[in-house]
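Taken together, the values in this text are just the output of simple stated rules run on the coordinates, not laboratory data. Predicted model, so just to flag it, every value in this text is computed and none were measured. For neighbour counting, all protein chains shown are included, and Cβ atoms are generated from backbone atoms with ideal geometry for every residue, glycine included.
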Amino acid sequence: MGKPNSSSKDVSGRVKVIKSFIGDFRKGTVVGDLDDFIVYVLEKDLVPMKPGKLMTVAMQTELVATSARVIAHGYGEYRDRCDPGEAPPCKRDWSNPNKTPSEFPRSPIGVHNLAPKSFFPWLAGDREKELAGEILFPEFIGCPSDSGGPITTLYKGEVIYIGVTPNGWGGKGCGSGGESFDKSKLGHTSPVHKHLDLIKKAEAFVAQQTVPIASTKKTTITCIKGKVTQKVTAIKPKCPSGYKKK
């Protein structure tokens, strides 16, 4: 695991995954990936964040009935990669910073809502059976490189976690394919409440560790270059190039 835009060649910010708990992932015959969910136990926190509330079955029923607004978060492309008048699929423009992956978490532009099955009159037969346990969206929300990011919503004034950036077909996907949204397009994700067993297993695994998972406590060192001093605060602080630890 790593920070946004990090690569396997860049060890800065990299955090080791010490255990994975994978859901009952399977390939659907007509709708793509199903029960797509995984829990990673990391050796230390990747980023500081407060614990969040998870969506329950009762919450889901209420949220779908009211077509609740949801947001997909991620580190993918800033916006639709298509230029005005250009039809998807559209190419990335690496010289345009608005079309490259973000260094900060962001949410796709636009309002997205949960949808009941009745929203999709064509949803029947094998597709309906395969999507019976999934949450549905009338739009394929998220951009390339957003995979794994969370979907959240406001419930009674609190932010709750619904699931991960959805699978789906036919949507624009920030200009990566497809055409305009309509009722033949669909996004879907596996709700978090179906995977509480994975979370419990992960929590039990962490509790059983005889050697604590690496500390995330930050320390400060003083670095010097000639008459210039600089303090560096990090979990494993290092002096900048040209500086020596005082």
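Numerical summary
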read-out: DSSP-defined antiparallel bridges as percent of all bridges, the stretch 49-191, nearest 5; value: 90 percent
read-out: Anisotropy class of the stretch 49-191 from Cα gyration tensor, a/c 1.5 cut; value: oblate
read-out: Loop-resident sites, the stretch 50-98, for chymotrypsin sites (Phe, Trp or Tyr not before Pro), counting at most 15 other Cβ within 10 Å (DSSP); value: 94
read-out: Within the stretch 23-79: Cβ-based charge dipole about Cα centre, in debye rounded to nearest 20 (Lys, Arg +1; Asp, Glu -1); value: 200 debye
read-out: Partners for residue 44 among lysines (Cα-Cα distance below 16 Å; same-chain residues under 8 apart left out); value: 3, 16, 19, 217, 218, 236
